[in-house]
Amino acid sequence: PPRLGVLPELLSGDEEQQEQVRVGVHQIRNQIANTVDAGDGGRVICVTSAMPGDGKTSLVMALGLSFASSGERTLVIDADLVGRGLTRTLSLASRPGLRELLEKSRAVDDVLSSCYPGLHAVPSGSTTDFAPEHMSPSQFRRLIETLRKRFDTILIDTGPLLGSIEADLVAGVSDSTVLVVSRGQSHTSTQECFRRLRESRRHCAGYVFNRATVSDFR
């Protein structure tokens, strides 16, 4: 799959690096918008990685802000029921979310949280007695089809492709998948992710190389 972009290791307080990241994220957004064909409604993108800690949650938030700033109605969903990185980042741990939508105990408007003009979020919701294996593929697909009608772009943060159940489920209902590959990630793990996506016939828009150093750019 193609390389969608390279993002540098971000050092706190370095305004130049922060600007490089912003520009890089906007370029990645443009590539996704130009190459991913949406289904009946808005486009749905699964963002995953080989292992935890590669930076997929940060990329979901950055892309969400980028799509929203371009004028698109944008939604980010936390479907990583173990890591719950997006939920914690947005301080929405006490809010209903994905679980409640799947169980139909809450309406969509009850769980949407506004993060930024044009950007909304669905947190993971309660995880008490609710594990990834409890997610129904048919219920999840119906939910996504409903949300497509309300948003131009939906970005789903899911668990690592090599270590979670929900990642393959999310990839199966998405228009395409973006793989985050962090500096230091093993070549074997990355190739295994591409192999799994290919063999399960999941479309892969490409990968983002994250936390690059100056030598990587050279």
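General remarks:
- Enumeration of residues in the stretch 74-98 that are within 15 Å of Leu147 (Cβ to Cβ) and in contact with a Gly (Cβ under 6 Å, 6 or more places away or on another chain): Thr74, Val76, Gly97, Leu98
Per-residue answers, yes or no, for (1) surrounded by 13 or more Cβ atoms within 10 Å (Cβ to Cβ); (2) modelled with pLDDT under 95; (3) of a type in the set (Phe, Trp, Tyr):
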residue: Gln18; (1), (2), (3): yes, yes, no
residue: Val23; (1), (2), (3): no, yes, no
residue: Ala38; (1), (2), (3): yes, yes, no
residue: Gly41; (1), (2), (3): yes, yes, no
residue: Ile45; (1), (2), (3): yes, no, no
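- Failed item in (1) open to solvent by 10 Å² or more (accessible area, probe 1.4 Å); (2) of a type outside the set (A, V, I, L, M); (3) over 13 Å from the mean Cα position of the chain (by Cα); (4) at pLDDT below 95, with Gly97 passing the rest: (1)
- Scanning the stretch 76-107 for residues that are touching a strand residue (DSSP E or B) at 6+ places or on another chain (Cβ under 8 Å) and part of a helix (DSSP H, G or I), we see that the one that is farthest from Thr177 (Cα to Cα) is Leu101.
- Among all residues of the stretch 45-52, there is none that is part of a helix (DSSP H, G or I), within 15 Å of Val208 (Cβ to Cβ) and in contact with a strand residue (DSSP E or B) (Cβ under 8 Å, 6 or more places away or on another chain).
- Pick from the stretch 54-74, criterion out of contact with any strand residue (DSSP E or B) (no Cβ under 7 Å at 6 or more places or on another chain) and part of a loop (DSSP other than H, G, I, E, B), ranking: nearest to Ser113 (Cα to Cα): Arg73
- Flag if Arg84 is closer than 22 Å to Thr48 by Cβ and open to solvent by 20 Å² or more (accessible area, probe 1.4 Å): yes
- Pick from the stretch 63-81, criterion more than 15 Å from Arg43 (Cα to Cα) and touching a Phe, Trp or Tyr at 6+ places or on another chain (Cβ under 9 Å), ranking: surrounded by the most Cβ atoms within 10 Å (Cβ to Cβ): Ala79
The values are calculated or read from the model by the stated rules, or taken from the named source; none is laboratory data. As the structure is a prediction and not an experimental result, all values here were calculated from the model. Backbone-built Cβ (ideal geometry, glycine too); neighbour counts: all protein chains shown. Accessible surface is based on the protein model in full, side chains and every heavy atom, while ligands, DNA and RNA are left aside. Shrake-Rupley method; radii C 1.70, N 1.55, O 1.52, S 1.80 Å.
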